[in-house]
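Asker: Quick one: structure below, then a few questions.
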Amino acid sequence: MKSSDHFAGPPTKVTARYPAVSSEPAVAYLPRPMKEPSAQTAWPSLDALQLGEAAQLARRATIGGSDANIILSGSPERVLRLWREKRGEEGAEDLSDKLPVMLGCWTEVFNRQWYTRITGQKVDRIGERISCKTHAWRSCTLDGFVDEKGAGSEAKHTSAFAKPEEVLARYMPQLQHNMAVVGCERALLSVIFGNAKFEIFEVASDWLYQEDLVKAEAKFWASLQSGDPPAALPAPLPPQPVGVREVCLESSNAWAASAADWLAHREAARKHQLAATLIKELVEPDVARAFGHGIEAKRSKAGAITIREAAQ
């Protein structure tokens, strides 16, 4: 589906019906009337966002990425409910009246399109289900995959007040689980915060974290086979994301003051650095201290030269 399919197109040019000041007729621009959405471009209905019976049965057969989030959530209630669902003792939770959940599902398509718009990178393999080559009971369903980065992608929509580090920690089990199942070294988490901020986090595969994760998942899977209720396990410390975030600090006074100083003195800083380089080159290898014109250069036992203002 192309992003342009969701918009009405360029404005329609119309002649105004009121007297014009100039001799030419005044022109106003009104939006082109919206077209009726076709079957290919229409947004899905709310009911279509829910998993069907076949998909729910398939989900019960393995441990997926969203299950990993629950297993390492630290919540006994959520872990026990997942255990009951997997065993067929309880139906899947009805989330059709949960606004945050439904909104997140609804905006997945837009999230992917916005990622492509600002990065120029295509997201494909949407909804592809992959089984783990090592553990048959592990699987994942991709939100998408970015070939240019060699990374699986997850699209999320969260509160405008959510802290980026908390969002990253919340979805780290899913990101690391999917990387392990797919066998890739990178994952992308694209997040819409409320309606005003969009951030992309690039996370590297962390084999230590993944070792802890697969052990926790294996214990949960064993409890499904034995029928013994599982215990909630603490989450391992999440690895740090790769430094790919872009932030605007126009509203920071400290940034503004430092930026102004940097711009005002950068030429002086270049001259200072060049002068320091030339002074050090003038100190011959067997000289321990050189001085004159108000400065001195001293050589340490390790051979490093330090320049400072000479004492009066």
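Asker: Could you calculate the FRET efficiency of Ala160 with Ala61 from 1/(1 + (r/R0)^6), where r is the beta carbon distance between them and R0 is 30 Å, rounded to 0.05?
Answerer: 0.20
Asker: What is the distance in Å between the Cα centroid of the range 64-98 and that of the range 271-293?
Answerer: So the two Cα centres are separated by 68 Å.
Asker: A further question on this structure: May I ask you to order 85-93, 154-162 by the average number of other C-beta atoms within 10 Å around their residues, highest value first?
Answerer: So the order, starting with the most tightly packed, is 154-162, 85-93.
Asker: How much length, in nm to one decimal, is gained on full extension between Ser131 and Lys98, taken as 0.36 nm per residue of separation minus their Cα-Cα distance?
Answerer: 8.9 nm
Asker: Local charge sum around Val214 (other residues, Cβ-Cβ under 15 Å, Lys/Arg +1, Asp/Glu -1)?
Answerer: That sum, taken over residues with Cβ under 15 Å, equals -1.
Asker: How much length is gained if the chain between Asp147 and Lys219 is pulled fully straight, taking 0.36 nm per residue apart and subtracting their Cα-Cα distance, in nm to one decimal?
Answerer: Gain on stretching Asp147 to Lys219: 22.6 nm.
Asker: Among bridges DSSP assigns within the range 52-226, what percent are antiparallel (round to 5)?
Answerer: 60
Asker: Quote the FRET efficiency, to the nearest 0.05, computed for Ser258 versus Val109 with a Förster distance R0 of 35 Å and r equal to the Cβ-Cβ distance.
Answerer: E between Ser258 and Val109, to the nearest 0.05, is 0.30.
Asker: Additional query: Compute the distance in nm between two label points, each set 7 Å from the Cα along the Cα-to-Cβ direction, one at Ala310 and one at Glu199.
Answerer: If labels sit at Ala310 and Glu199, their model points lie 5.3 nm apart.
Asker: A further question follows. What is the antiparallel percent of DSSP beta bridges lying wholly in the range 97-200, to the nearest 5?
Answerer: If we restrict to bridges inside the range 97-200, about 60 percent are antiparallel.
Asker: Order 213-222, 266-275, 178-187 from most to least packed using the mean count of other Cβ atoms within 10 Å.
Answerer: The peptides rank, most packed first, as 178-187, 213-222, 266-275.
Asker: First measure r as the distance between the Cβ atoms of Asp286 and Leu208, then evaluate 1/(1 + (r/R0)^6) with R0 = 51 Å and state the FRET efficiency to the nearest 0.05.
Answerer: 0.50
Asker: Taking Rh as the Kirkwood radius computed over C-alpha pairs, what is the Stokes-Einstein D of the range 253-309 at 20 °C in a medium of viscosity 1.002 mPa s, expressed in µm² per second?
Answerer: 163
Asker: Also, quick follow-up: Is the shape of the range 63-183 rounded, prolate or oblate, going by the alpha carbon gyration tensor and its root eigenvalues a ≥ b ≥ c, with a/c under 1.5 for rounded and a/b larger than b/c for prolate?
Answerer: Cα axes put the range 63-183 in the oblate bin.
Readers should treat all values here as calculations from the given coordinates under stated rules, not as data from a laboratory. What you see is a predicted model, and the numbers here were worked out from it, not measured in a lab. Using ideal geometry, Cβ is built from the backbone for each residue, glycine included, and neighbour counts are taken over all protein chains shown.
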